[in-house]
Amino acid sequence: VYNAAPAWGLSVGDALGVPDPLLTQHQHQHQGQSFSFLGIRVSSPLSLVVNGKRPPGSALAPPRLALSNPGAAPR
């Protein structure tokens, strides 16, 4: 589950409801092999319903800021 906190997860046997899923077909080629699979995206793990309840706010991973400056001189 994208954007889920590392300490949060699902267990085998959990009932999962996915409101407004976005189904995407992924097709990739690597070293002469083709891979194709379906992916389901949701806007946030907080939009899921697990065992009839919404996950707690702590299920969402905290934001991280990553900066890069490709034009900067190496140090």
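When the stretch 1-14 is filtered for residues that are assigned to a loop (DSSP other than H, G, I, E, B), surrounded by 10 or more Cβ atoms within 10 Å (Cβ to Cβ) and of a type in the set (A, V, I, L, M, F, W, C), the ones remaining, listed by number, are Val1, Ala5, Trp8, Leu10. Scanning the stretch 32-60 for residues that are open to solvent by less than 80 Å² (accessible area, probe 1.4 Å), assigned to a loop (DSSP other than H, G, I, E, B) and of a type in the set (Ser, Thr, Tyr) yields one hit, Ser44. Ser68 meets each of the listed conditions (1) at positive phi; (2) open to solvent by 100 Å² or more (accessible area, probe 1.4 Å); (3) without any contact (Cβ under 8 Å) to a residue 12 or more places away in the chain apart from (1).
There is no residue in the stretch 17-25 that is open to solvent by 100 Å² or more (accessible area, probe 1.4 Å) and either among the polar types (S, T, N, Q) or touching a Cys at 6+ places or on another chain (Cβ under 9 Å) (or both).
The values are calculated or read from the model by the stated rules, or taken from the named source; none is laboratory data. In this text, all values refer to a predicted model and were calculated from it rather than measured experimentally. Here Cβ is always computed from backbone atoms with ideal geometry, including for glycine, and neighbour counts include all displayed protein chains. For the accessible areas, the whole protein counts, side chains as well, though only heavy atoms, and no ligand, DNA or RNA atoms are used. Shrake-Rupley method; radii C 1.70, N 1.55, O 1.52, S 1.80 Å.
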